[in-house]
1. Could you work out the local net charge near residue 117, counting Lys and Arg as +1, Asp and Glu as -1, over the other residues with Cβ closer than 13 Å to its Cβ?
2. So what is the calculated 222 nm ellipticity per residue for the chain, using -39500 (n - 2.57) for each DSSP H run with n of 4 or more, over all residues, to the nearest 500 deg cm²/dmol?
3. ³J(HN,Hα) across the stretch 134-139 via Karplus (A = 6.51, B = -1.76, C = 1.60, θ = phi - 60°), whole Hz, x for Gly/Pro?
4. About the Cα centre, and with charges only on the beta carbon of Lys, Arg (+1) and Asp, Glu (-1), how big is the dipole of the chain? Nearest 20 debye, please.
5. Check which residues have an amide H placed less than 5 Å from residue 37's amide H, if you skip close sequence neighbours.
6. Check which residues have an amide H placed less than 5 Å from residue 147's amide H, if you skip close sequence neighbours.
7. So if R0 is 30 Å, what FRET efficiency would residue 57 and residue 34 give, r being the distance between their Cβ atoms, rounded to the nearest 0.05?
8. Contact order normalised by length for the stretch 3-152, with contacts defined as Cα pairs under 8 Å and 6 or more residues apart; what percent is it?
Amino acid sequence: MAAYFFDTSALVKRYVNEQGSTWVAATIDPTAGARVYVASITGVEVISAIARKLKGNHVSASDAVKATFRFHYDFANEYRIVSISDSVINRSMMLAEAYALRGYDAVQLGAALEINGRRMTFGAIPLILVTSDTELLTAAITENLLTDDPNLH
């Protein structure tokens, strides 16, 4: 069974039509059987992204309401939420320094590395970090995570 860690730049494509949205929807579809992990901060980031798209007139008010409602449901029922523990914060600070990542990108990578490490301890298949952020992709590859960019699909 495939396991993915979606950062916000990739996950928002499920709720707002963008390049890569079709691939994201198919990959996350519960009938596909994949495990989908997200950091707890992703909740704030996705809602913020939808609100900003509405403010910038990139989505209609009705589409924003639908997207927000769907996201709240999915966040509560479909995703495996990764808590931002002290160990994730400490690792994320080191990642931010090493790769000059934006704050929440470093936390996303720290959370993905934490979950991937736990999965490897139990002999599970490696996690695939999904992001459309090139700096985060580069850092994740350097950290030996498997990656995918929805913009390439």
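1. It works out to a net charge of +1.
2. So the helix-based figure for the chain works out to -17500 deg cm²/dmol.
3. Karplus-based 3J(HN,Hα) across the stretch 134-139 equals 5, 5, 5, 4, 4, 5 Hz.
4. Taking the Cα centre of the chain as origin, the dipole is about 380 debye.
5. 4, 5, 6, 80
6. The list, which skips near neighbours in sequence, is 129.
7. Values: r = 33 Å, r/R0 = 1.12.
It comes to 0.35.
8. On the way: 197 pairs, mean separation 44.0, N = 150.
Over the stretch 3-152, the number comes to 29 percent.
Bear in mind that the values in this text are calculations on the coordinates, not laboratory data. All values derive from a computational prediction rather than experimental measurement. Note that we place each Cβ from the backbone using ideal geometry, even for glycine, and neighbour counts take in every protein chain shown.
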